[in-house]
Amino acid sequence: KVYVACQSMLIVLVGAVPEYHIDQEGIPANTAELAKHIHFAGNFTSIVTEASTSWYLIEQEAYKVSLASSLFFAGLLIGNITFGPLSDRLGRKPVYISGLFFDVVFGYVTALAPNYDIFAVSRFFVGIVNGGMALVSFVLTQEYVGKSFWSFTGSLTNLTFAVGIAVYALLGYCLREWRYLALVSNTPGVIFLLLSFMLPESPRWLYSQGKTAEAEDVLQYIALGNGKERLNLKLKPSAGTLRKDESAPGILNLVKHPVLRWRTIILMYIWYVCSFVYYGLTLHAGELRGNLYLNVALSGLVEVPAFPLCMFFIEKSWSGRCKTMTCFLIFAGFACIFTMFLPTNAGLLLSPTLLALCGKMMVSAAFNIVYIYTSELYPTVLRNAGLGVCSMSCRFGGILAPFVPSMKSLSPSIPFVVFGISGLSAGFLTLLLPETLNKPVAENVEDLQSPRYQVLKNE
């Protein structure tokens, strides 16, 4: 997740626009000559400061910076659609490792891109493999442990994403040349790729596919790694693998089954809002007043307190997953909306920036819970497909988010009002979902025939 965070946040520093001025005397009409009259005052470089005319990204071409960011999120959308079902059919580990390999390759293409077109295209392909790989790695992490640990591992995984944002800000502070920054932030992917070959396949996926012997071997491997003695372990055949004449469950099962259909529709909207508000506030950090690197670091570090709060509330019987996520989304919505009532020149304790950071903390908490919550609402054979479809809608939020801050030209409060209304609506919709705390996880579609899975909302 540290590596994923660096790739996701790359455009915030690599696409930053330093102060500049254009010579007023004898400005030529064509772009090639005009680029020679631009003087940047910043102490860092970015794709905006590239002298080549193919990188001319100011004035009427400034939208291309946001476009490159949106292309990354468009790639995430495609990656979520394709990698989820692929890992459900081919296995978690091979799909994850393949995605990480190509993520590293296209990351280096981004750093060495000779012009904007190649840079933008490489960001699109990085988005595809980065989003797919991150999704599968999250599911793989969850399926290595028992359900009682899912809130901990899910929170810890997402916590490292927040830390990764701060790490990326530190790298940007030390490396002011954007190509060096892109190269260095991409290099950890090579280390993680080599280490990933040591990982076993998901025992839950093996079991859901009827490969009980292989699942037993993985569980023995994990037990020995935990310092346990060799176990006398024998798994019962999975109920979903008894009828061999049936095809493997596919993504259409999310639409065919009424319980999964309504859950998927609601979850898709919640994921969309989480991404829309989260990345909107995150990318807006680059436009706040003050030190660019400090603002980016704070936008990551402000998330850190959210994760222990998540782990505390989602494990309590009086709050659980559903009520906790509802409260975080509603609080995030109100935090964003209240910014319109504060003057921009107010002190630190009453500044819109502080409220925006509070909103970022709340929505990051909700984003963390929705990963865990969604994993528990889908059976194992469709878990990656379900997460993939939900993440797909999530990426629409990411695609739109880079352009929302530009609405401040109409009014400085409009972007925050848009984020606030979105958060409130998603918060109230969450109440339609069932609670999963201390409830069994479905392994196969057949498990959904049980009466306890037949209702959308708990009675």
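Normalised by the number of residues in the range 1-199, the mean separation of alpha-carbon contacts (under 8 Å, six or more apart) gives a relative contact order of 32 percent. Each listed q (0.14 Å⁻¹) maps to a log10 I(q)/I(0) for the range 92-233, found by the Debye formula over equal Cα scatterers with no solvent: -0.78.
The fraction of all Cα pairs in the range 1-199 landing in successive 10 Å bins from 0 to the largest distance is 9, 32, 31, 16, 8, 3, 1, 0, given as whole percents. Based on DSSP H segments of at least four residues, each scored -39500 (n - 2.57), the chain has a per-residue ellipticity at 222 nm of -20000 deg cm²/dmol. For the chain, the solvent-accessible area with a 1.4 angstrom probe is 44 square angstrom per residue. Longest segment of the chain with no chymotrypsin sites (Phe, Trp or Tyr not before Pro) in a DSSP loop having at most 10 other Cβ atoms within 10 Å? The reported range is 1-196.
Sorting 296, 184, 17 by solvent-accessible area of protein heavy atoms yields 17, 184, 296, largest first, with a 1.4 Å probe. Calculated on the Cα set of the range 249-447, radius of gyration then Dmax: 17.6, 59 Å. Protein heavy-atom surface of the chain, 1.4 angstrom probe: 67% of the accessible area is carbon and sulfur, with nucleic acids and ligands not counted.
Our estimate of slack between residue 118 and residue 90, defined as 0.36 nm per intervening residue step minus the Cα-Cα distance, is 6.9 nm.
Normalised by residue count, the chain yields a Cα convex hull volume of 152 Å³ per residue. With the whole protein complex present, residue 369 retains an accessible surface near 0 Å², based on a 1.4 Å probe. Largest accessible area first, the residues 255, 417, 95 order themselves as 255, 417, 95 under a 1.4 Å probe with ligands, DNA and RNA left out.
When the pairs 93/316; 147/211; 147/234 are compared against a 22 Å limit on Cα-Cα distance, 93/316 fall above it. Two tests apply to each whole DSSP H helix in the chain, Cα reach of 30 Å or more along its axis and mean Kyte-Doolittle hydropathy of at least 0.0, and the ones passing both are 63-90, 92-112, 116-143, 150-174, 258-284, 352-377.
The values are calculated or read from the model by the stated rules, or taken from the named source; none is laboratory data. Since the model is a prediction, treat every value here as computed from it, not as a measurement. So basically every Cβ, Gly included, is an ideal-geometry build from the backbone, and we count neighbours across all protein chains shown. Side chains included, ligands, DNA and RNA excluded: accessible areas come from the protein's heavy atoms. Shrake-Rupley method; radii C 1.70, N 1.55, O 1.52, S 1.80 Å.
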